[in-house]
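The values are calculated or read from the model by the stated rules, or taken from the named source; none is laboratory data. Fair warning: this is a prediction, and the values are worked out from it, not measured in the lab. In this analysis, Cβ positions are derived from the backbone assuming ideal geometry, glycine residues included, and neighbour counts consider all displayed protein chains. Surface areas here come from the heavy atoms of the whole protein model, side chains and all, with no ligands, DNA or RNA. Shrake-Rupley method; radii C 1.70, N 1.55, O 1.52, S 1.80 Å.
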Amino acid sequence: TILTVLGAIGGVIAYLFGGWTTDLQALLIFMATDYATGLILAGVFKKSNKSCSGALESRAGLKGLFRKVGILFCVLVAHWLGQVTCVDFIRTSVIVAFLINESLSIVENLGLMGVPVPDSIKNAIDALKNKK
């Protein structure tokens, strides 16, 4: 019964966002990766630009989660604007814009950790910027 209810809730949420598509999946993965790399950057490396000390701060983490929810609200609004205006690309363009933003943040976090970012990732970000 619990799994059925959770499946139904997931189905309704997917419907509200325009379906469980690859671009939405990518956005959710990028958002989770950005949040995780931000936590690692602050918790392990103490180099976060979100707090004065560079260390983990619960208030900064909570703000980050609310920003991610705000991104999802933007995608939700974009989907339904597209439905009302019969324009197909609004949702996709909003998702691509946020994908670019999330990927830049991930690369920035990795750079602050000292991880060398391959040119292929940088080129993919540039390709997303051009698609935008």
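Listing for the model above:
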quantity: Of all residues making up region 12-44, the number that are in a helix (DSSP H, G or I) and open to solvent by less than 80 Å² (accessible area, probe 1.4 Å); calculated: 22
quantity: Some residue of region 59-76 being of a type in the set (D, E, K, R), open to solvent by 80 Å² or more (accessible area, probe 1.4 Å) and modelled with pLDDT of 95 or more; calculated: yes
quantity: Leading residue by the ranking (surrounded by the fewest Cβ atoms within 10 Å (Cβ to Cβ)) among those in region 84-132 that are among the small types (Gly, Ala, Ser) and assigned to a helix (DSSP H, G or I); calculated: SER120
quantity: ILE2 being open to solvent by 90 Å² or more (accessible area, probe 1.4 Å), of a type in the set (Val, Ile, Thr), within 28 Å of SER120 (Cβ to Cβ) and without any contact (Cβ under 8 Å) to a residue 40 or more places away in the chain; calculated: no
